[in-house]
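Chemist: Take this structure, written in structure tokens, and hold onto it; I'll ask about it next.
The values are calculated or read from the model by the stated rules, or taken from the named source; none is laboratory data. This one's a predicted model, so the numbers in the text were calculated from it and none came from an experiment. Methodologically, a virtual Cβ is constructed for each residue, glycine included, from the backbone with ideal geometry; neighbour enumeration extends over all protein chains shown. Accessible surface areas use protein heavy atoms only, side chains included; no ligands, DNA or RNA. Shrake-Rupley method; radii C 1.70, N 1.55, O 1.52, S 1.80 Å.
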Amino acid sequence: MKTKPDILIVEDDGVLALHLQDLLTRQGYNVLKLLPSGEKALKSLTRVKPDLILMDIELAGKMNGITAAEYIGEKYDLPVIYLTGFSQDALLQQAKIAAPYGYLVKPVPERELAATIEMALYKHKIDHQIKASEAKYRSLIEQAMDGVILFDENGSFLGVNDTFCQMLEYTYDELMILN
């Protein structure tokens with residue numbers, strides 16, 4: 001039985017990557033690989049399945065960590081924690097686009113690293129539970145034999161199911177325009 005998650009480190013500073021590997025190994029995590037570029041990270045994901053990725057924003061190669069994280073989020077749905085030597089507002093704003101599960105400024109204190117990883121893994125688990133709940137709710141509404149209409153607090157339509165559309169003889173799009 002696996003006790004701690006598998007982590008992929010994408011960091012082009014070899015000394016820092018080894019330091020992170022050492023910190024994580026001492027905390028019981030399994031470090032799958034140390035990779036220097038976004039391109040190598042994406043290629044490795046066809047073979048390894050980490051639970052979390054620590055991703056430097058400024059990487060060797062043509063692809064930066066933000067671009068790699070966006071792709072990873074879309075294709076693999078893995079939590080990414082950014083590592084950066086900068087805490088500049090512009091970089092932070094750009095990094096938000098990929099919806100990371102954390103953002104750590106190097107050098108990373110060991111306790112902060114561990115806490116951020118645990119919080120990211122927990123949030124990722126909760127996000128999956130929410131998505132599953134939303135899918136179940138959506139399925140119940142869509143398959144209901146009764147007409148269902150949802151309103152927001154201002155009385156605007158949020159959505160309707162097909163049965164409601166059929167009852168009024170409107171399409172979904174027509175009802176949304178009437179809103």
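Chemist: Sorted by accessible area (1.4 Å probe), largest first, how do 3, 171, 46, 116 line up? Mind dumping the intermediate values first?
Modeler: Working: 3 125, 171 75, 46 95, 116 25 Å².
Correct descending sequence by accessible area is 3, 46, 171, 116.
Chemist: Okay, moving on. Residue 62: which lysines have alpha carbons under 29 Å from its alpha carbon, excluding same-chain residues fewer than 8 sequence positions away?
Modeler: Answer for residue 62, where 29 Å is the Cα cut-off: 33, 40, 43, 49, 75, 96, 106, listed by chain and number.
Chemist: Report, ordered by chain and residue number, the aspartates and glutamates lying within cross-link reach of residue 125, taken as a straight Cα distance under 18 Å and ignoring same-chain residues fewer than 8 apart.
Modeler: Filter leaves 6, 51, 74, 77, 134.
Chemist: Counting pairs of alpha carbon atoms under 8 Å apart in space and at least six apart in sequence, what relative contact order in percent does the range 65-149 give?
Modeler: Working: 58 pairs, mean separation 22.8, N = 85.
Here the relative contact order equals 27 percent.
Chemist: Just the accessible area for residue 178, please: 1.4 Å probe, Å², rounded to the nearest 10?
Modeler: Near enough 110 Å² of accessible area.
Chemist: Counting other C-beta atoms within 10 Å, and keeping those with at most 16, which DSSP coil chymotrypsin sites (Phe, Trp or Tyr not before Pro) do you find in the range 110-175? Kindly include the intermediate steps, with their values, before the conclusion.
Modeler: Numbers: sites: 122, 137, 151, 157, 164, 170, 172; in loops: 170.
Qualifying residues, ordered by number: 170.
Chemist: Ignoring ligands, DNA and RNA, what percent of the 1.4 Å accessible area of the chain is carbon and sulfur?
Modeler: Values: 6040 of 10860 Å².
Ligands and nucleic acids excluded, carbon and sulfur reach 56 percent.
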